[in-house]
1. Cβ under 11 Å from Met63's Cβ, Met63 left aside: what net charge do those residues give with Lys, Arg +1 and Asp, Glu -1?
2. Would you please give the residues with an amide H less than 5 Å from that of His29, counting only those at least 5 places away or on a separate chain, with H modeled from the backbone geometry?
3. How many nm separate the modelled label positions at Gln137 and Asn102, each set 7 Å beyond the Cα in the direction of the Cβ?
4. Per Stokes-Einstein, at 25 °C and 0.890 mPa s, what whole-number D in µm² s⁻¹ belongs to the range 42-171, with the Kirkwood radius over Cα pairs as the hydrodynamic radius?
5. Please report the carbon-and-sulfur percent of the accessible area for the range 90-153; probe 1.4 Å, protein heavy atoms only, DNA, RNA and ligands left out.
6. Below 12 angstrom from the Cβ of Glu41, what's the summed charge of the other residues (Lys, Arg +1; Asp, Glu -1)?
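The values are calculated or read from the model by the stated rules, or taken from the named source; none is laboratory data. Keep in mind that this is a model prediction, so the values were computed, not measured. Cβ placement follows ideal geometry from the backbone for every residue including glycine, while neighbour counts extend to all protein chains displayed. Note: accessible area is taken over every heavy atom of the protein model, side chains too, but ligands, DNA and RNA are not part of it. Shrake-Rupley method; radii C 1.70, N 1.55, O 1.52, S 1.80 Å.
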Amino acid sequence: MRNLKKLFVLILFAAATISAGAQNQKFGHIDLQALVQLMPERATAETDFNTFQSDLEDVLEEMQQNYQQKLTELEQLGADASEVRRNAKITELQELQQRIQNYQMTAQQQLQQKQAELLSPVFDKAEAAIEEVAKEQGLLYVFDIGSRVVLYKSNQSVDLLPMVKQKLGIQ
């Protein structure tokens, strides 16, 4: 009987503790993309990305101009040109066209890699600031409402955007 009373008191105490802890749970939310758009580092990354993209486009344009020049040369050969010479020009055009296609695919991959390389530190900094603010606020979870995964957001959920902007020195 005495053990039964101890067990009952222990269960009652555990239930009260769990219930009290459940009432203090705090959740927060932020639009990560909106935060990143406000960060000055994003603008710098975007400028660097645009410069890189422009360089790739310049090379592609040179290759296309070279292709057009070779195509014009082929068209100007005339009827008296030997078949060997005409076939050599056609082969040269086909090879150049293949190089252009390969370059376009490689350039697209390089653009994706460069974008990830430039934006990764920006997102890392934003996520670190969010983590700091969440810890300061005693939050259990922070949801990214910009991803549209959160289906419901209570008014009791803490909006971290103003606090994270302040932490990052963004006005």
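1. Its environment carries a net charge of -2.
2. So His29 has HN proximity to Phe143, Val158, Asp159, Leu160.
3. Distance between label points: 5.3 nm.
4. Taking Rh from Cα pairs, D becomes 124 µm²/s.
5. Carbon plus sulfur share of accessible area: 50 percent.
6. -1
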